[in-house]
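Student: This is the structure, below, for whatever I ask next.
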Amino acid sequence: MMLHHVSIVVTDIDRSVAFYRNVFDLEQIERPPFSTIGAWFACGALQVHLIVNPTGTFRRAATIDTADGHFAFRTDDFEGCIRGLIAKGFREDAPEGDPWRLRLRRDGPAGFPQAYLLDPDRNIVEINGAP
């Protein structure tokens, strides 16, 4: 058994496609003609699927709660990735609730660096430098 994809519920496909393409440099791939609106991205050997579902399950909180449901991208260049996020407007000093907030744990309990941010629908996204 192995993970194939992560599915993320969104409200605005164009906004979310732009976010995942521009922030994480993901490559959009062909998606079968489902009856729902969505988009698929390649992410290494795995995939990220966006699905429009206005009545889906959404986080109401505009804060980053690292103990809440989330998924993680792993990178071999954590610091380079953080510099890229900062260049795109994310800030560690942004206040809680700011959509550009970046929460960093360079020396956290996981044993590898972690960063957390929110996508446009308040889904929590982790980026880490796991071995």
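Student: Rounded to a whole number, what % of the accessible area of the chain do carbon and sulfur atoms account for, probe 1.4 Å?
Tutor: Numbers: 4110 of 7640 Å².
C and S atoms contribute 54 percent here.
Student: Helix 13-24: angle to the longest alpha-carbon principal axis of the chain, degrees 0 to 90, nearest 10?
Tutor: Tilt of helix 13-24: around 40 degrees.
Student: Given 37 °C and 0.692 mPa s, compute D for the chain with the Stokes-Einstein relation, Rh being the Kirkwood radius over Cα pairs; round to the nearest whole µm²/s.
Tutor: Using the Kirkwood radius from Cα pairs, D works out to 213 µm²/s.
Student: In whole percent, what relative contact order does the range 59-101 give with Cα contacts below 8 Å and a gap of six or more residues? Intermediate results must be reported in sequence, preceding the final value.
Tutor: On the way: 21 pairs, mean separation 20.9, N = 43.
It comes to 49 percent, rounded to a whole number.
Student: Using a 10 Å cut-off on Cβ atoms, rank the peptides 10-18, 115-123 from the highest mean neighbour count down.
Tutor: Averaged packing, sorted descending, gives the order 115-123, 10-18.
Student: In degrees from 0 to 90, rounded to the nearest 10, what is the angle of the helix 78-87 Cα long axis to the longest principal axis of the chain?
Tutor: 80 degrees
Student: Would you mind working out the accessible area per residue for the range 1-105, using a 1.4 Å probe, and quoting it in Å²?
Tutor: 63 Å²
Student: Can I ask one more? Considering Cα pairs under 8 angstrom that are at least six residues apart, work out the relative contact order of the chain and quote it in whole percent.
Tutor: The normalised contact order for the chain reaches 24 percent.
Student: Now for a different question. DSSP beta bridges in the range 31-131, what fraction antiparallel, as a percent rounded to 5?
Tutor: 70 percent
Student: So what are the ³J(HN,Hα) numbers for the range 95-109, from phi and the Karplus equation (6.51, -1.76, 1.60; θ = phi - 60°), rounded to whole Hz, Gly and Pro as x?
Tutor: For the range 95-109, the Karplus-derived couplings read x, 3, x, 6, x, 9, 5, 10, 9, 10, 10, 6, 10, x, x Hz, x marking Gly and Pro.
Student: So for Ile86, Ile127, what's the accessible-area order with a 1.4 Å probe, most first? Present the calculation step by step, with values, prior to reporting the outcome.
Tutor: Working: Ile86 95, Ile127 5 Å².
Putting Ile86, Ile127 in descending order of accessible area: Ile86, Ile127.
The values are calculated or read from the model by the stated rules, or taken from the named source; none is laboratory data. Predicted, not measured: the structure shown is a model, and the values here were computed from it. Cβ: placed from backbone, ideal geometry, glycine included. Neighbour counts: every protein chain shown. Areas reflect the complete protein model, heavy atoms only, side chains present, ligands, DNA and RNA absent. Shrake-Rupley method; radii C 1.70, N 1.55, O 1.52, S 1.80 Å.
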